[in-house]
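The values are calculated or read from the model by the stated rules, or taken from the named source; none is laboratory data. Because the structure is predicted, anything quoted here is derived from the model rather than measured. Neighbour counts run over all protein chains shown; Cβ positions are idealised from the backbone, glycine included.
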Amino acid sequence: MRFNWFRRTKVSQRPDNPYVTGNAVGGSPAFIGRTDILQTVYNLLYNSQQNAIVLFGQRRIGKTSVLKELEAKLPEEKDNHLPIYFDLMYKAHLSLEVILHDLADTIGQKLSEEIPQWENTTHQFRTWLAGLLENDKLANKSLVLLFDEFDALNDTKAEQMRDEFFRYLHADLLPIDPKKLNFIFAIGRNLDDFKAALALFKNITSYRVSLLTGKDTYKLIRLSESNQSLHWSSKTVTKIGELTNGHPYLTQLLCSCVWQQLWNRNPTRIPTVASAKIIAENIPGVFNQGQSALEWLWDGLPPACKIVSAAFAELGKKAASQKELIEHLYASGIGTVIDELETAPKNLKEWDIIGGDDQKGYCFRVELFRQWVVEHKPLKEIMQKELGRVRVESDHYYQEGQSFYQDKQFDETIDKLSTAIRINSHHIEAQKLLAKVLVEQGRIVEAQTALEKFYQYNTDIARPQLTEVLWKQVESCTSRKEQLALCEKILEYDPAHSNARRKRTEILQWQGRRFEEDEEYEKAIEAYRKAGLEDKVRKVGKKYFWKKYGKYFRIAGIFLGVFLVSILVSYLFVNLPIPWTLWGPALSIILGVMFAFLIEKIFTKKREIKRF
């Protein structure tokens with residue numbers, strides 16, 4: 001009935017797109033579900049023993065929307081609580097005093113209170129906040145501070161400022177009045193920050209913000225039916241659920257793209273999404289519109305997790321075991337699988353990127369995100385970019401080595417880079433720079449040794465530099481034998497290396513001529529064959545044949561000639577009392593053999609004299 005009603009309903013103007021893809025949806029009809037989180041927060045507000053909770057989860061999972069929903073709904077449903085939302089985005093580099101002044105301004109604006117000037121901000125802010133809780137404006141009410149997470153931290157100073165702020169909240173503000181002052185924190189822009197923050201809030205309840213339930217996902221998909229702008233068939237609802245698995249942002253974005261496509265056709269009646277084909281057509285649009293958000297989510301993963309995520313993505317949508325993961329990493333040229341890569345699946349599971357376990361295997365929780373990773377984050381590219389960053393200490397030594405190199409302190413450069421590689425043999429940039437420095441210092445053999453080790457771990461990346469170093473040795477070497485060996489080695493690494501192929505052909509041709517001149521035809525044939533000179537092979541093959549079998553033909557010819565002449569002369573011109581048949585043939589055979597071997601010996605002697 002609902003399907004038919006939508007098909008019959010005419011539209012006079014284009015309605016609003018109900019799907020929200022850019023901003024937090026808390027406090028709006030687009031906020032769906034999360035009843036478990038909201039109830040956990042409500043329980044906290046009535047618990048006099050606890051006054052803080054940490055909401056954690058990956059980027060774009062809906063943490064800010066939950067805070068915004070609490071900001072909007074707490075005054076309506078819990079009139080004895082006053083929520084104040086405070087965004088810490090872009091404040092990671094500010095001092096504690098500046099952040100506290102901003103927080104005081106936000107609270108003051110909410111309560112219409114003037115903010116005094118402080119000399120000792122950290123102490124006086126605490127005193128001011130404690131006094132504010134006794135204000136008549138907060139009579140019979142508690143203050144609920146909603147802290148949205150810091151922006152991503154990429155330097156030590158920012159991390160120190162964040163930790164200082166959280167320690168101040170934990171030590172100075174939380175104990176003020178647990179009944180009248182509550183704290184809700186949203187954290188988790190990246191996995192490392194999340195773990196650091198939880199360590200600072202180790203005695204505070206934490207709750208994961210994860211994917212929507214199946215029921216809430218279907219409700220979110222059908223949001224367009226609430227404003228009578230788009231109808232979904234059960235089949236298409238199921239298809240989107242399979243692709244997004246309740247990821248709120250990706251569900252909203254995919255539905256929005258489908259909504260836009262259908263309404264861009266200027267329909268006269270409310271459109272219906274009846275086929276899964278239109279959903280597949282809009283996946284590229286989702287990747288295009290959501291590129292920044294997906295990159296943001298990706299950037300929140302540590303290097304080892306990025307590598308393993310890319311590997312799992314390429315293994316497909318079905319669960320893959322740890323063994324299959326490692327085999328795929330080896331097949332992709334990783335060389336050795338270090339500990340951080342083996343433990344990465346558990347970190348990814350903790351971060352809600354994959355699900356499963358060691359026994360059943362792991363797979364992506366969100367199929368749409370897996371497809372994006374396959375398309376935009378190929379494993380080999382990710383390995384090249386991230387392997388060197390898996391171990392932070394190794395990268396620190398590499399950075400020091402770079403500084404020494406820029407200052408032309410080459411011995412110190414080599415020392416630091418060698419240490420970086422010893423800690424993490426996969427540090428690509430350290431390997432490349434070390435080889436470059438060794439070559440510049442004329443230590444070609446050492447550079448070759450280093451690059452051959454590097455080649456074992458990163459074949460494709462090490463190959464160009466390794467063949468370049470080997471070619472330098474070819475150019476500086478005077479021995480054709482050594483040049484040939486080096487060219488052979490280059491071609492093992494890079495069969496298409498044109499200079500090595502050309503040089504190898506020249507040397508083999510030269511060897512073939514020398515062997516041919518020395519009548520070492522077998523060696524000449526082998527050299528010409530390696531050089532690919534088939535005409536020379538056939539020509540020398542003939543010479544080899546006559547050298548090997550020619551003397552037998554000569555002996556046979558001389559023997560036959562002498563034998564025939566002897567037969568004829570003895571029969572016509574020699575008269576003996578003994579019958580000719582008894583001595584003629586025998587004499588001819590003896591003479592034929594004697595002359596044949598005598599003449600062949602003279603011929604061979606002359607050839608030897610001629611050669612020398």
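In this structure, Asp352 does not satisfy being crowded, with 18+ Cβ neighbours inside 10 Å, touching a residue at least 24 places away in the same chain (Cβ under 8 Å) and within 24 Å of Tyr455 (Cα to Cα). Scanning the range 319-352 for residues that are part of a loop (DSSP other than H, G, I, E, B) and touching a Pro at 6+ places or on another chain (Cβ under 8 Å) yields nothing.
Residues checked against (1) at pLDDT 70 or above; (2) out of contact with any His (no Cβ under 6 Å at 6 or more places or on another chain); (3) buried (at least 16 other Cβ atoms within 10 Å of the Cβ); (4) outside the structural domain of Phe597 (by TED's automatic domain parsing):
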| residue | (1), (2), (3), (4) |
| --- | --- |
| Val537 | yes, yes, yes, yes |
| Val540 | yes, yes, yes, yes |
| Phe545 | yes, yes, no, yes |
| Phe559 | yes, yes, yes, no |
| Val562 | no, yes, yes, no |
| Val565 | yes, yes, no, no |
| Tyr571 | no, yes, no, no |
| Pro579 | no, yes, no, no |
| Trp583 | no, yes, no, no |
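Take the conditions (1) acidic (Asp, Glu); (2) crowded, with 20+ Cβ neighbours inside 10 Å; (3) farther than 24 Å from Lys137 by Cα; Asp36 misses just one of them, which is (2). Given Tyr85, Tyr90, which one is over 31 Å from the mean Cα position of the chain (by Cα) and either in contact (Cβ under 8 Å) with a residue 60 or more places away in the chain or part of a helix (DSSP H, G or I) (or both)? One residue alone meets the criteria, Tyr85. Please indicate, with yes or no, whether at least one residue in the range 264-281 is part of a loop (DSSP other than H, G, I, E, B), at pLDDT 95 or above and crowded, with 16+ Cβ neighbours inside 10 Å. Checked against the condition, which is being part of a loop (DSSP other than H, G, I, E, B), at pLDDT 95 or above and crowded, with 16+ Cβ neighbours inside 10 Å, the range 264-281 yields no hits at all.
Just one of the listed residues (Ile53, Ile61, Ile37) is of a type in the set (A, V, I, L, M), touching a residue at least 40 places away in the same chain (Cβ under 8 Å) and assigned to a loop (DSSP other than H, G, I, E, B), and it is Ile61.
Within the range 77-109, the set of residues being surrounded by 14 or more Cβ atoms within 10 Å (Cβ to Cβ) and among the aromatic types (Phe, Trp, Tyr) comprises Tyr85, Phe86.
Applying the criterion of being at pLDDT 90 or above and among the aliphatic types (A, V, I, L, M) to the residues of the range 86-110, the residue that is farthest from Leu173 (Cα to Cα) is Val98.
Yes or no: the range 145-164 includes at least one residue that is among the acidic types (Asp, Glu), at pLDDT below 85 and part of a helix (DSSP H, G or I). Yes, some residue in the range 145-164 is among the acidic types (Asp, Glu), at pLDDT below 85 and part of a helix (DSSP H, G or I).
In the range 215-254, of all residues being hydrophobic (A, V, I, L, M, F, W, C), touching a helix residue (DSSP H, G or I) at 6+ places or on another chain (Cβ under 6 Å) and in a helix (DSSP H, G or I), the one that is farthest from Lys277 (Cα to Cα) corresponds to Leu220. Any residue in the range 292-306 that is buried (at least 16 other Cβ atoms within 10 Å of the Cβ) and polar (S, T, N, Q)? No: zero hits. Among the residues of the range 307-318, just one is in a helix (DSSP H, G or I) and surrounded by fewer than 21 Cβ atoms within 10 Å (Cβ to Cβ), namely Glu314.
Filtering the range 65-85 to residues that are at pLDDT 95 or above and over 15 Å from Leu38 (Cα atoms) leaves Ile84, Tyr85.
Yes/no matrix, rows are residues, columns are (1) under 24 Å from Lys416 (Cβ atoms); (2) of a type outside the set (Ser, Thr, Tyr); (3) touching a residue at least 40 places away in the same chain (Cβ under 8 Å):
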position: Leu451; (1), (2), (3): yes, yes, no
position: Phe454; (1), (2), (3): yes, yes, no
position: Tyr457; (1), (2), (3): yes, no, yes
position: Glu492; (1), (2), (3): no, yes, no
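If the condition is being free of Cβ contacts under 8 Å to residues at least 60 places away in the same chain and of a type in the set (Val, Ile, Thr), then the range 260-292 contributes Val273, Ile278, Ile279. Sub-6 Å Cβ pairs linking a first residue in the range 216-244 that is touching a residue at least 24 places away in the same chain (Cβ under 8 Å) and assigned by TED's automatic domain parsing to the domain that holds Ala274 to a second residue that is polar (S, T, N, Q) and crowded, with 16+ Cβ neighbours inside 10 Å, at least 6 apart or interchain, are Leu220/Thr251; Leu230/Ser224; His231/Thr272; Gly241/Thr217; Thr244/Thr251, ordered by first then second residue. So Gly188 fits all but one of (1) on the phi > 0 side of the Ramachandran plot; (2) at pLDDT 90 or above; (3) in contact with an Asp or Glu (Cβ under 8 Å, 6 or more places away or on another chain); what number is the exception? (2) is the only condition that Gly188 fails.
Taken together, the residues in the range 515-547 that are over 30 Å from Glu468 (Cβ atoms) and in a helix (DSSP H, G or I) amount to 22.
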